[in-house]
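Working notes, beginning with the structure itself.
The values are calculated or read from the model by the stated rules, or taken from the named source; none is laboratory data. Fair warning: this is a prediction, and the values are worked out from it, not measured in the lab. Counting neighbours? That spans all protein chains shown, and the Cβs are built from the backbone with ideal geometry, glycine included. With ligands, DNA and RNA removed, areas are computed over all heavy atoms of the protein, side chains included. Shrake-Rupley method; radii C 1.70, N 1.55, O 1.52, S 1.80 Å.
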Amino acid sequence: MRNSFHTAFFIALRYLFSPKKHNIINIISGISVLGIMASTAALIIVLSVFNGMQDLVVSNFNRFNPPIKIEIKEGKVFSLENQLFSISDLKNIAGVKTAEPVLSDLVLVTYDEKQMLTTLYGVSDNYPDLSGLAAMTIDGDFDLSTPNHIVFGAGIAGFIGIDLYDYVPAKLYYPKRTKKNFINPMDAFQIDYAVPVGVFASYTPYDEHSVFVPMTLAKALFDYDAEISYIAIYLEEQAPFEKVQKKIAQIVGDDFTVLNQMQQEPLLFKTIKAENLIVYLILAFIFIIAAFNIIGILGMLIIEKKQDISILYTLGASKALLKKVFLMVGAMIGIFGGFLGMCIGLVACLLQQYFEFIMLGNAESYIITAYPVAIVFKDFAVVFCLVAGVSLLTSWLSLQGLKTNYLKNKY
């Protein structure tokens with residue numbers, strides 16, 4: 001069996017690279033290899049650019065969301081005083097850097113006769129640096145050390161026209177949870193004031209509806225004492241993420257959900273995976289069309305090699321061996337073209353990654369100036385399997401579809 005494979009391989013190798021009697025076969029073979037090469041290179045390049053875009057989107061969302069988020073399964077808020085665990089218990093877990101309580105809810109913000117419904121987050125003054133929000137500040141300072149400070153997302157700041165240098169306070173409205181006054185509707189709202197001191201931009205939808213205030217202001221506005229909405233967990237570098245998440249889940253119990261960053265944005269990640277699959281299927285379809293040229297090449301090659309086939313058959317070559325020869329020729333055409341395409345795609349991605357030849361625009365209008373590229377070697381493995389599989393399939397189909405009388409007699 002091994003000798004049979006080697007024999008078929010060397011005969012196929014000779015048929016593939018030796019000059020053909022009819023020059024048209026050489027031309028069509030070259031065109032087929034170029035088609036497979038181009039489609040494979042396109043597949044690698046587009047997938048790498050898509051990976052780069054995906055990493056950019058995910059990194060921006062992950063900059064806003066904590067690595068791990070602890071939420072109660074029922075209700076909007078919970079008090080740590082009524083739980084079997086504490087913030088200290090969470091901080092003492094190996095790999096946990098710190099745990100930050102957050103209180104959030106929808107509020108109505110008015111400023112300079114403009115208003116907008118937004119999500120208000122009450123956090124500690126350490127939270128901006130821990131979360132990375134301080135680094136996203138594009139105007140003013142992300143300073144929550146003073147009880148009446150407020151920091152706006154870029155989207156809402158632009159919509160209601162926040163001016164940090166007018167020192168005009170924003171007015172915050174929140175429905176009172178206990179007292180209702182239907183005679184005077186305004187008495188049904190808890191009202192507080194906060195001075196805008198900063199604007200941040202995470203370049204995510206959160207910029208459109210997020211504001212941050214000190215925890216003391218949030219508790220006063222929402223009329224809570226010890227209640228919080230969730231706990232944000234930040235990890236040490238190189239911390240065993242999955243182990244830490246499992247350990248936290250064991251400590252907090254079944255009444256809470258412990259979410260990683262992907263679980264905090266399920267729709268986003270499902271959409272990214274679906275888009276990735278669609279792009280891959282479209283490009284794979286283009287490659288399959290290019291690979292079907294192998295059928296025509298093998299047909300012409302078999303007709304040209306009639307005399308060689310007859311000699312081999314007379315010398316004792318089995319029908320299975322002869323089929324294996326041409327099966328390997330077709331597979332070699334596809335794999336050779338695919339390998340060249342992957343090399344070209346890799347070189348193009350590396351050039352874009354290091355030299356940024358293809359630009360998006362200037363830094364003032366775009367988050368990044370050049371198309372992002374992320375080389376994932378899993379993509380190369382998948383593409384190689386696709387190339388090899390489709391090449392073998394098309395070669396097999398071409399051998400099954402041969403209808404000449406000569407080949408009927410020989411096969």
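Per residue, the accessible area of the chain comes to 53 Å² when a 1.4 Å probe rolls over the protein heavy atoms. Annotation: amide H of residue 96 within the under-5 Å range of 236, sequence separation 5 or more or interchain, hydrogens built in the peptide plane. How large a share of the accessible area of the stretch 17-147, in percent, is made up of carbon and sulfur atoms when the probe is 1.4 Å and the other protein chains stay in place? Summing carbon and sulfur atoms, their accessible area is 55 percent of the total for the stretch 17-147. Normalised by 2.2 N^0.38 Å, where N is the number of residues, the C-alpha radius of gyration of the stretch 294-376 stands at 1.98.
Placing dummy labels 7 Å off each Cα toward the beta-carbon, the span from residue 368 to residue 278 is 2.1 nm.
Across q = 0.21, 0.23, 0.27, 0.30 Å⁻¹, the stretch 209-258 modelled as identical point scatterers on its alpha-carbon atoms has Debye log10 I(q)/I(0) values of -0.88, -0.91, -1.01, -1.13, in the order of the q list. With 29 Å as the limit, the listed pairs 219/270; 273/324; 69/176; 246/270; 73/171; 176/270 have 219/270; 273/324; 73/171; 176/270 beyond it between alpha carbons. Taking amide H as placed 1.01 Å from N in the peptide plane, residue 190 has its amide H under 5 Å from the amide H of 174, 176, each at least 5 places away in sequence or on another chain. Could you tell me the convex hull volume per residue, in Å³, taken over the Cα atoms of the stretch 174-260? Per-residue hull volume (Cα only) is 179 Å³.
Hydrodynamic analysis of the stretch 266-317 uses the Kirkwood radius over alpha carbon pairs. Inserted into Stokes-Einstein at 20 °C and 1.002 mPa s, it gives a translational diffusion coefficient of 147 µm²/s.
With the convex hull drawn over the C-alpha atoms of the stretch 1-153, the volume per residue is 317 Å³. Can you tell me the relative contact order of the chain? Whole percent, Cα pairs under 8 Å, sequence separation 6 or more. It rounds to 28 percent for the chain. Its Cα gyration tensor gives the stretch 19-104 an equivalent ellipsoid; the semi-axes, largest first and in whole Å, are 61, 13, 11. A helix-only calculation puts the chain at -17000 deg cm²/dmol for mean residue ellipticity at 222 nm, using -39500 (n - 2.57) for each DSSP H run of at least four residues, averaged over all residues. With Cα atoms as the point set, the chain shows a radius of gyration and Dmax of 32.2, 107 Å.
With the convex hull drawn over the C-alpha atoms of the stretch 234-333, the volume per residue is 213 Å³. The stretch between residue 112 and residue 354, if pulled fully straight at 0.36 nm per residue, gains 82.4 nm over its current Cα-Cα span. Gain in length, residue 9 to residue 226, computed as 0.36 nm per residue apart minus the alpha-carbon separation, to one decimal in nm? Contour length minus the Cα-Cα distance gives 70.6 nm.
Angle of helix 266-291 to the longest C-alpha principal axis of the chain, folded into 0 to 90 degrees and rounded to 10: 20°. Whenever you get a sec, compute what percent of the accessible area on the stretch 226-317 sits on carbon and sulfur atoms (1.4 Å probe). Result for the stretch 226-317: 61 percent of the exposed heavy-atom area is carbon or sulfur.
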